[in-house]
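Asker: Supplied in structure tokens, the structure appears directly below.
The values are calculated or read from the model by the stated rules, or taken from the named source; none is laboratory data. Everything numeric here is computed off the predicted structure, so don't read it as measured data. Positions of Cβ are generated from backbone atoms using ideal geometry, with glycine treated the same way; all protein chains shown enter the neighbour counts. When the accessible area is computed, the model is the full protein with side chains, heavy atoms only, and any ligands, DNA or RNA have been set aside. Shrake-Rupley method; radii C 1.70, N 1.55, O 1.52, S 1.80 Å.
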Amino acid sequence: MPRVRGIADGMLQLVSGSLLGLFGLTYAAYWIPPEAAWWLQLLAVGLPLLVAALGALALVLFWHRRWLLLGGVLLALLLYGLRHGRPGGAEPSGAEADDTLVVMTYNVPESRRPALGDSLQALVLRYRPQLIGFQEVGVWRYEQRGRPSTVRLIGHLRPLVERQGFRFSVPDPTRGPMFAEVVTLTHLPVVRQEIRLLERGPEGLIYQAVRSELCWAGRLFVHYNVRLQSYGPVKPWEVLRDGGWKRPANWRRWLGAYRRAMLQRAAQVRQLRAWIDQEELPVILSGDFNSTPDQWFYGWLSRGLQAAGRLGGIAAPSWPAGRPLVRIDHVLVSREWEVLGGAVPAAGLSDHRPVIARLRWRRTSASPGTCPFDAPTANP
């Protein structure tokens, strides 16, 4: 009996030490750039699951009265709670006060789903955002010799423009590409708008950011709508399924593609961060970051910004939509904004869930700019 108890105690120490060591590595990924240890960013994706395992381990350690190990586990849980457990407000009701700005970000590409536009319109009518950033959509500008240019917006966004009066961002042929896969829709007065190019992804895609200078409640602010580098063309669930995980070559292929994608995303993050650091107006940054709140990419972008769109103070997961595991869609705002609340509804229109944030001007913040009376719109 003493021998069995000794073996059990040894196993408990081994499991506790291993989980705490793994927690230390994944928790530190927030501050360590991918160039130094790209694989830490891969481990950091699973940090919420690791924290859940530590919570179960805490109960076992309490039962066995292993107080020293229990203290280490509780410290890890406390550190995770301090990073994520921030106060949050109520979910948007759809009947907001005049001083409340509702912002939505949603990665919702076109699909064969019938009446996708009608379903999307119903979602927008429920939460009534005045500013929406869409990703993996599309707007095209066609230039024809001797004729005025024409613009085509992807089908499922048209009801928002035609029935609800949203204005949408349009590629400028003199400053960028003729196609944009991130589109900003808004009811707010648009002072200036442009599509900026991010670093080209390893699969050849041109990643973009829409920068909009907008008016709200008599003040100017800047909104960035972005989609950052994803996994790339080699998806882990495609390479490793159907017995593919048994072949080492597939693992090398996937890990190599993942490394290249993360290094490219890091370059895009630094580029975007440099733009934000140059802004003199209040900032809202929203989009599909393809980064969880525990990864370096999010940590670098969130410097000096606060998280919005949380549900009860928690960064509720947004992907995959059916059974969300991680939060990769975010809304970040500068300190001039007061965060009132947020939502991550199960819309069922994409493999992502939308993130919605309720904001208003912080009453104590100074006004760096006022809106012109005749702010032009962005549409042709």
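Asker: Out of every Cα-Cα pair in region 9-63, what percent are more than 13 Å apart?
Answerer: Roughly 61 percent, rounded to a whole number.
Asker: Further, regarding this structure: Could you tally the net charge around residue 105, taking each other residue with its Cβ under 9 Å from the Cβ of residue 105, Lys/Arg +1 and Asp/Glu -1?
Answerer: With Lys, Arg at +1 and Asp, Glu at -1, the neighbours total -2.
Asker: May I pose another question? Mind checking Rg over Rh on region 123-162, alpha carbons, Kirkwood formula for Rh?
Answerer: 1.10
Asker: Moving on to the next point. Based only on the alpha carbon positions, what is the Kirkwood hydrodynamic radius of region 102-175, in angstrom?
Answerer: 13.6 Å
Asker: Enumerate the calculated ³J(HN,Hα) couplings along region 39-47 in order (Karplus 6.51 cos²θ - 1.76 cosθ + 1.60, θ = phi - 60°), each rounded to whole Hz, writing x wherever the residue is Gly or Pro.
Answerer: Result, rounded to whole Hz: 5, 4, 5, 5, 5, 5, 4, x, 4.
Asker: Taking only protein heavy atoms into account and a 1.4 Å probe, give the accessible area per residue of region 250-367 in Å².
Answerer: Ligands and nucleic acids excluded, the result is 37 Å² per residue.
Asker: I need the calculated FRET efficiency for the pair residue 163 and residue 206, taking r as the beta carbon distance and R₀ as 35 Å, to the nearest 0.05.
Answerer: 0.70
Asker: Okay, next question. Just to verify a number: FRET efficiency for residue 323 and residue 79, C-beta to C-beta distance, R0 = 25 Å, to 0.05?
Answerer: Efficiency, from the Cβ-Cβ distance: 0.40.
Asker: Can you list the residues of region 291-315 with backbone N under 19 Å from a point 7 Å past the Cα of residue 36, pointing along Cα to Cβ?
Answerer: 292-304
Asker: So what's the net charge close to residue 16: Lys and Arg +1, Asp and Glu -1, counting the other residues with Cβ under 14 Å from its Cβ?
Answerer: +1
Asker: Mean projection of the alpha-carbon convex hull of region 253-338 over all orientations, in nm²?
Answerer: Approximately 6.4 nm², given one-decimal rounding.
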